[in-house]
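Got a structure here, written out as structure tokens. Questions coming.
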Amino acid sequence: MKAPNIQHIALIGNFLPRKCGLATYTTDTHAALKQRFPDLKIDVYAMDDHPGRYDYPDAVTAAIPEQDRAAYLGAARMIEASGAQALWVQHEYGIYGGPAGEYLIALLDRLSIPVIATLHTVLESPNPDQRRVMEALLRRAARVIVMAEKGREILKRVHGTDDRKIAMIPHGVPDRPFADPRDFKPRFGWQGREVILTFGLLAPSKGIETMIEAMPAIARARPDALYVILGATHPNLVAHEGEAYRERLKALAADLGVAGQVAFIDGFVEQDELLDYLQAADVYATPYPDPAQITSGTLSYAVAVGKPVVSTPYVHATEILADDHGVLVPFQDSSAVFAREIVRLLADAPAREALAARAYARGRTMLWPRLVEAAMDMLGGIVAARPRRFPPPAKALVPLAPDIAAVERMSDATGMLQHSIYSVPDRRHGYCIDDNARALILMSRIETIDEAVRDRWTSVYAAFVQYAWNQELRRFRNFMNFDRTWCEDVGSEDSNGRALWALGVTARDARAQKHRDWASALFDATASIALELGSPRARAFAMLGAAAMLGAHPGHALSREILTRFGEELIALLDGNRRPEWQWFEIVLAYDNARLPEALLRAGMALGRDAFVSVGLETLEWIVARQTSPEGRFRAVGTESFGRAYAPPLQFDQQPLEAQATVEACVAAHEATGDARWVEEAMRAYRWYLGANDLELPLASAQDGGCFDGLMPHGLNRNQGAESILALQLANCAISALSKATGNVATPVRAAVA
């Protein structure tokens, strides 16, 4: 049988030989898919709680170390690159890393393909982390599968989930012919015994004590009764206390005088052997003490082979045993009621056999082929309905005019706030000098605003930079709380470099003499700190400020020293790290990459150093090539690419800062050479904001000058933080100035992109 519209999926969860119920479930799901859809390609990603311990079968494409967040991101890249059309997640608390398993969400956020998730636990009262992660999963998944109708009801009531997003598909079960227990008992030496069975990983949550406490009454009425407890102790319990829990249960049986009627079989048995054990039992018992237990694979298996079941009324049991398909006993006084009901079934063979037949008939509705057919039908519909992306029309790619509406929205009397939730400023994260320095530069570069507005905001952003200067420690602070208290005494090297950059630009380009004078004075008082910076990017930012300062004050000695020393050191850095295929200053790619060649270009033009210009052009050529997709569009080096030695860039997460840096570096290259090629490269990077990108989605909001925070594999990061807004507006200014300088770029318009 062929899967509808689907040739290739990925499956994530635990997998055998890891010993747990979820590993069995995921392995059985994989086997059922391969049997029912033999042409379907399935990549299995196994969650690994002890890397290196398990000898996974060939079916496992990759193991993901549970607590290694980077491994989740690597798995996401593998899934994206594999060509899988969808991902099927097996979700259970405790198997994914991070608070409440949030590392799984990091993986899902980096996928563009549809996701479905089987929820093995749905909590009535999730804690804050559990709620946050579950609701993130519910937002990301196209559909979720629950194994009981109660799960649907909880999702709707607790999380407000749309009913149309939820599918109820019972726990899958294997197909075994109905059998007489007497045919299987000799294999285990149980001839002449009336066998009551419980199986599963041993843990206090299983309620085994209840059944042991019921055994004295059962043994008095049925002397041949034997209660078999089948299963290894849960690995987490073993790690914590060894086999102490099993020993306590054995001691309880001995204290009650039923040690000869209680048998412990310690082991994690394979499926065929497990089914043999089940079919040798006369009655199956599930004494779970937790009424919220929403899924029980052990119960499903027992019903599948036609076992008469006596169970407490937890959620899954009340649904699967409804309509006289099993016996439910109350949680209160359950030992006595378990004893009474089990004795009744053992004594009444016709009633026991009739209940077994009804259970077996219900089990026929839960066979694995039915489960995977239902899931694949669901996936087929999701994949078929996935919207296709079409390139925006050419007329939508006209440059935007600079617009500070969104900048003003994010600003107050203190400065520009860092982050937003969608377009609403998020005051929890306060302010930083990085953004206020960028905003200060924008006030010098934007043409079309009222001069009174320019004056007001220039003063606000300048005041932030001024207040950030820590005279005692001779460094700029960076992060400030919303209550105007500083989070630190010294900011990062990058933030100090950006502060100097903003001062140099303001000293040269501010419209008011008072602001130029202020910036020149503060630059003179602070710029010597540049000589202590070690980061190549921080040095590049300081170089851009020094080049601007030379424009304001020709012959400025400290600026010349910064440009000369750092320019030569950048070239030395390039010489030390380059390879034939790697013409770059560092062995890794990071953020604001184009600022390094731009700094050399600006230094070369300011100092008349042709070698600086030549290396700046060479390295800009190299990084521009790395930022070009196979289709010829700009592809910002994503944050996923950072820190990977001599490795080509990855596709996501792409951020607006990179496009701005490339635009401005290409403008510098055009100024240095007059080559029209750099005009087109600047426009290609700029069009990224307008939708000429990998997702063919515009990041710019033309109505108010806003900009989304980035391109994720699944779509836009729809928050609009200060960095993104400023990147767009500074890019708008650069393109507008380039248009005026060359006369061959489309005239900016106010509302080009919806």
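The values are calculated or read from the model by the stated rules, or taken from the named source; none is laboratory data. Small disclaimer: the values here were computed from a predicted structure and weren't measured. Cβ: placed from backbone, ideal geometry, glycine included. Neighbour counts: every protein chain shown. Areas reflect the complete protein model, heavy atoms only, side chains present, ligands, DNA and RNA absent. Shrake-Rupley method; radii C 1.70, N 1.55, O 1.52, S 1.80 Å.
Please list, ordered by first then second residue, the pairs with beta carbon atoms under 9 Å, 6 or more apart or interchain, first in the range 185-198 and polar (S, T, N, Q), second part of a strand (DSSP E or B) and open to solvent by less than 50 Å² (accessible area, probe 1.4 Å).
Listed by first residue and then by second, the contacts come to 198/227; 198/228; 198/229; 198/230; 198/284; 198/285; 198/286.
Now for a separate question. Hey, residue 212 hits all of (1) open to solvent by less than 30 Å² (accessible area, probe 1.4 Å); (2) in contact with a Ser or Thr (Cβ under 6 Å, 6 or more places away or on another chain); (3) part of a helix (DSSP H, G or I); (4) not polar (S, T, N, Q) but one; which does it fall short on?
Every condition holds for residue 212 apart from (2).
Could you please give the count of residues in the range 2-44 that are charged (D, E, K, R) and either under 21 Å from the mean Cα position of the chain (by Cα) or farther than 30 Å from residue 238 by Cα (or both)?
First pass over the range 2-44, keeping only residues charged (D, E, K, R): 2, 18-19, 28, 34, 36, 39, 41, 43.
Then keep just the ones that are either under 21 Å from the mean Cα position of the chain (by Cα) or farther than 30 Å from residue 238 by Cα (or both); that gives 2, 34, 36, 39, 41, 43.
Number of matching residues: 6.
Would you confirm whether any residue within the range 474-484 is open to solvent by less than 30 Å² (accessible area, probe 1.4 Å) and not in a strand (DSSP E or B)? Don't jump to the end; show me each part of the working.
Applying the first criterion (open to solvent by less than 30 Å² (accessible area, probe 1.4 Å)) to the range 474-484 yields 476, 478, 480.
If we keep only those that are not in a strand (DSSP E or B) as well, we get 478.
Yes - at least one qualifying residue is present in the range 474-484.
Still on this structure, please answer the following. What are the pairs, 6+ residues apart or on separate chains, where a residue within the range 517-538 that is under 25 Å from residue 597 (Cβ atoms) has its Cβ under 6 Å from a residue that is open to solvent by less than 10 Å² (accessible area, probe 1.4 Å) and assigned to a loop (DSSP other than H, G, I, E, B)?
536/585; 537/592
Right, next: Of the residues that sit in the range 250-309 and are in contact (Cβ under 8 Å) with a residue 12 or more places away in the chain and among the charged types (D, E, K, R), which one is farthest from residue 227 (Cα to Cα)? I'd like the intermediate steps shown before the answer.
Here is the first cut: in the range 250-309, the ones in contact (Cβ under 8 Å) with a residue 12 or more places away in the chain are 250, 252-253, 256-258, 261-269, 271, 274-309.
Filter once more, keeping what is among the charged types (D, E, K, R): 250, 266, 276, 282, 290, 307.
Values: 250: 12, 266: 14, 276: 16, 282: 10, 290: 21, 307: 15 Å.
By that ranking, first place goes to 290.
Among the residues of the range 404-422, which ones are within 13 Å of residue 723 (Cα to Cα), touching a Gly at 6+ places or on another chain (Cβ under 6 Å) and open to solvent by 20 Å² or more (accessible area, probe 1.4 Å)?
Hit for the range 404-422 is 419, nothing else.
Please verify whether residue 83 is touching a His at 6+ places or on another chain (Cβ under 8 Å) and at pLDDT below 95, treating the condition exactly as stated.
Judged against the criteria, residue 83 is a match.
Just checking, which of 84, 63, 71 is touching a Phe, Trp or Tyr at 6+ places or on another chain (Cβ under 7 Å) and either polar (S, T, N, Q) or buried (at least 19 other Cβ atoms within 10 Å of the Cβ) (or both)? Explain how you work it out, then say what you get.
Working: 84 fails: touching a Phe, Trp or Tyr at 6+ places or on another chain (Cβ under 7 Å); 71 fails: touching a Phe, Trp or Tyr at 6+ places or on another chain (Cβ under 7 Å).
Testing whether each residue is touching a Phe, Trp or Tyr at 6+ places or on another chain (Cβ under 7 Å) and either polar (S, T, N, Q) or buried (at least 19 other Cβ atoms within 10 Å of the Cβ) (or both) leaves just 63.
Any idea which of (1) outside any loop (DSSP other than H, G, I, E, B); (2) open to solvent by less than 20 Å² (accessible area, probe 1.4 Å); (3) farther than 21 Å from residue 306 by Cβ is the one residue 294 doesn't satisfy?
(1)
Only residues that are at pLDDT 90 or above and either touching a Ser or Thr at 6+ places or on another chain (Cβ under 6 Å) or crowded, with 18+ Cβ neighbours inside 10 Å (or both): list them for the range 623-651, please.
Of everything in the range 623-651, those that are at pLDDT 90 or above and either touching a Ser or Thr at 6+ places or on another chain (Cβ under 6 Å) or crowded, with 18+ Cβ neighbours inside 10 Å (or both) turn out to be 623, 624, 627, 633, 634, 635, 636, 637.
Just to be sure I understand, how many residues within the range 22-48 are buried (at least 19 other Cβ atoms within 10 Å of the Cβ) and either farther than 24 Å from residue 99 by Cβ or of a type outside the set (Val, Ile, Thr) (or both)?
Summing the residues that are buried (at least 19 other Cβ atoms within 10 Å of the Cβ) and either farther than 24 Å from residue 99 by Cβ or of a type outside the set (Val, Ile, Thr) (or both) in the range 22-48 gives 17.
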